[in-house]
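K.L.:
Before I ask anything, here is the structure I am working with.
The values are calculated or read from the model by the stated rules, or taken from the named source; none is laboratory data. Note that this is a predicted model, so its numbers are computed, not measured. Cβ atoms come from the backbone with ideal geometry, glycine included; neighbour counts cover every protein chain shown.
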Amino acid sequence: MADIDDLVNSLQDTTVARRVTLTHDDARGQYRLPNPTVPNWQVFQDAIADYYRFHYGSCVAPGAHLSRTEALGKAKDLLEREYRRRRSDIMGALADATEGTNGGLRVVLDTIAEGLKAESVQHYAQEQFDSRVAPNDFEAKVDIIRQFIARFGHQLGDTIQRNRPERYAQDYRTLIEAFVDGLRQTSSVFRRL
């Protein structure tokens, strides 16, 4: 059986910060914003593609190079997803960047950094589960999920069915997404820059 204490320790705020999030915060801090606003859509696209490439190459895949097209597509997808969480969309991000509202372009780039950080924490948490339980050991997966829900249930939100751990045994993704969303709301690991 998997050791729940080892899993819990690997998912503590300080451990997640040390292993995952600090590099994202460092990358965001190193990027110098040339202007707090942009004049139009084209410059906005250039700014978010440039930042996405910088951040991705700094800590997601150190040394990797993304084309402008790939970086722009990924940045727009991420901004759309993150702004949707705020009941807005990419046009809201553009308005912030062009009008200087809600922190201007700086907050748009912070949003990209936070989104990449959340993705990295999600991948890290998935790996923590995967490294402790064999994918073909259904009973062990149900056991560790039951224990995980008992320990972290308070921050998993209302979408997780706490009395049905077997529901998450074949695919932890929903459980991990709820865990990361809980961290985003309660943890200093996701405190805005």
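K.L.:
Checking PHE44 against (1) out of contact with any Leu (no Cβ under 6 Å at 6 or more places or on another chain); (2) touching a residue at least 40 places away in the same chain (Cβ under 8 Å), which test does it fail?
P.N.:
Failing condition for PHE44: (1).
K.L.:
Out of the residues in segment 30-46 meeting the condition of being of a type in the set (A, V, I, L, M, F, W, C) and at pLDDT 95 or above, tell me which one is surrounded by the fewest Cβ atoms within 10 Å (Cβ to Cβ).
P.N.:
Per the criteria, the residue is TRP41.
K.L.:
In this structure, does SER58 turn out to be among the small types (Gly, Ala, Ser), closer than 30 Å to ASP137 by Cα and in contact (Cβ under 8 Å) with a residue 12 or more places away in the chain?
P.N.:
When the stated conditions are applied, SER58 does not pass them.
K.L.:
So if I check each of ALA49, ALA27, which one is in contact with a His (Cβ under 6 Å, 6 or more places away or on another chain), crowded, with 19+ Cβ neighbours inside 10 Å and either of a type in the set (Phe, Trp, Tyr) or not in a loop (DSSP other than H, G, I, E, B) (or both)?
P.N.:
ALA27
K.L.:
Among the residues of segment 133-151, which ones are surrounded by fewer than 18 Cβ atoms within 10 Å (Cβ to Cβ) and under 19 Å from LEU183 (Cβ atoms)?
P.N.:
Correct list: ALA150, ARG151.
K.L.:
Could you pull out the residue among LEU105, LEU109, LEU116, LEU94 that is over 17 Å from VAL38 (Cβ atoms), modelled with pLDDT of 95 or more and among the hydrophobic types (A, V, I, L, M, F, W, C)?
P.N.:
None of the others qualify; the one that does is LEU116.
K.L.:
Within segment 141-189, work out how many residues are assigned to a loop (DSSP other than H, G, I, E, B), polar (S, T, N, Q) and either farther than 18 Å from HIS123 by Cα or within 18 Å of the chain's Cα centre (by Cα) (or both).
P.N.:
4
K.L.:
Shifting gears a bit: So the check is Cβ under 9 Å with 6+ separation or different chains; which pairs have a first residue in segment 132-156 that's in contact (Cβ under 8 Å) with a residue 12 or more places away in the chain and a second one that's among the basic types (Lys, Arg) and surrounded by 14 or more Cβ atoms within 10 Å (Cβ to Cβ)?
P.N.:
From residues that are in contact (Cβ under 8 Å) with a residue 12 or more places away in the chain, the pairs are VAL133/LYS141; ALA140/ARG132; ILE144/ARG132; ILE145/ARG167.
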